[in-house]
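Participant: Let me give you the structure first, and then I'll get to my questions.
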Amino acid sequence: MRTKFKILLASATAIALSLGSTAQAQQAPSEAPVAVEALDPVKAAPPAPKDVDPALWVVKDEDTTIYLFGTVHILKPGLSWFDEAVKTAFDSSDRLVLEMVEPSAADSQALFTKLAIDKSGKTLRSKMTDADRPIYEAALGKTGLPAEALDPLDPWAAAVTLSVVAMQQQGFDINSGVEKQLTAAANAAKKPIGGVETMEYQLGIFDGMPESEQVRFLVESAKVIDNSQQMMDRMVELWGTPDPDGLGKLMNEGLTSRVLYDALLTQRNANWARWIKAEMDKPGTTFMAVGAGHLAGPTSVQALLPAYGLNAERVAY
């Protein structure tokens with residue numbers, strides 16, 4: 001089950017952009033910060049950015065170019081990835097296409113309330129067994145959240161919120177995520193921004209899971225909360241090396257639920273491959289940025305393109 005958590009957490013971070021403000025609002029107050037003037041100015045100096053080179057692919061014909069870039073949705077600050085081939089490809093593109101265009105805060109909150117709040121009147125913890133409940137409550141305690149904090153939520157929403165809160169406390173920052181940075185750059189350059197999915201569709205994948213599966217997702221999330229930083233650090237390392245095959249293996253190995261695998265990866269990848277095929281009939285250059293897990297492994301977007309007579313080539317740095 002813990003290998004299943006890998007892919008669920010990776011997919012959960014895909015909607016961390018929309019859930020981040022909710023997760024932040026539910027965190028316990030942090031300790032008072034140390035006054036800057038009390039710090040040694042040498043020790044306080046930020047470290048130099050760490051240079052990483054994520055993989056980039058290109059699909060092209062005579063008059064159309066589509067760059068495929070795998071993203072990590074929540075990162076620690078201090079990584080330098082938006083340069084060299086990635087920056088050149090982005091600058092040459094006419095538009096940016098993401099998994100989804102982030103809605104306004106008000107629209108995000110309304111959608112979260114619609115899908116993530118339990119309508120049956122049952123509390124979250126009442127859906128757990130007596131053996132699982134203490135595991136979940138212990139994980140909440142480690143984040144500083146009170147036991148009742150997430151009781152109104154569906155189990156999937158509690159799992160995502162718990163994971164995002166933990167990652168933020170471990171130094172990961174939604175505002176450092178790739179989509180945030182690309183969106184800011186596109187807005188600055190006045191490039192159009194589009195999406196191949198909607199937030200409602202992405203949240204619906206989780207909301208449509210059977211309740212028993214959601215509870216297992218939540219409990220397993222709670223069990224590995226202490227190791228989530230190690231797992232995310234390893235994912236980021238493979239992303240930036242880059243090692244797409246290693247990343248795909250890390251995310252996908254041991255996933256025994258074919259229904260879940262298809263919903264989170266293969267069905268969406270197939271949709272995006274068809275989208276790319278249709279876009280190849282339109283002249284221009286597109287920078288398409290989607291979760292790195294969708295560009296890794298045997299069911300990756302690139303692996304599906306030859307069926308449409310297309311090939312994605314790795315761009316050399």
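Participant: Need the C-alpha centroid separation for the stretch 170-244 versus the stretch 285-314, integer Å.
Facilitator: Between the Cα centres of the stretch 170-244 and the stretch 285-314 lies a distance of 19 Å.
Participant: Determine, for 80, 120, the number of other Cβ atoms within 10 Å of each Cβ, and report the residues in order from fewest to most. Please list the in-between numbers first.
Facilitator: Values: 80 13, 120 9.
Ascending number of Cβ neighbours within 10 Å: 120, 80.
Participant: Nothing charged except the Cβ atoms of Lys and Arg (+1) and of Asp and Glu (-1): what's the magnitude of the dipole of the stretch 146-276 about its Cα centre? Round to the nearest 20 debye.
Facilitator: For this selection, approximately 560 debye.
Participant: Quick one: putting +1 on the C-beta of Lys and Arg, -1 on the C-beta of Asp and Glu, what dipole do you get for the stretch 122-205 around its Cα centre, in Debye to the nearest 20? Write down the numbers at each step before the final one.
Facilitator: Details: 8 positive and 10 negative charges, 51 e Å.
Here the size comes out at about 240 debye.
Participant: Can you list the GluC sites (Glu not before Pro) in the stretch 176-275 that are in a DSSP coil and have 13 or fewer other beta carbons within 10 angstrom?
Facilitator: Values: sites: 179, 197, 200, 211, 213, 220, 237, 253; in loops: 197, 253.
Hits after loop and neighbour filter: 253.
Participant: Run the quick spin-label model on residue 245 and residue 113: label points 7 Å from Cα toward the beta carbon, then report their separation in nm to one decimal.
Facilitator: 5.0
Participant: While we're here: Past the 21 Å Cα-Cα mark, which pairs from 50/180; 180/249; 60/87? Write out the running numbers ahead of the final one.
Facilitator: Details: 50/180 18 Å; 180/249 26 Å; 60/87 18 Å.
Correct reply: 180/249.
Laboratory data are not the source of any read-out in this text; all were calculated from the coordinates shown. Just so it is clear, the structure is predicted and the values come from calculations on it, not from any experiment. Methodologically, a virtual Cβ is constructed for each residue, glycine included, from the backbone with ideal geometry; neighbour enumeration extends over all protein chains shown.
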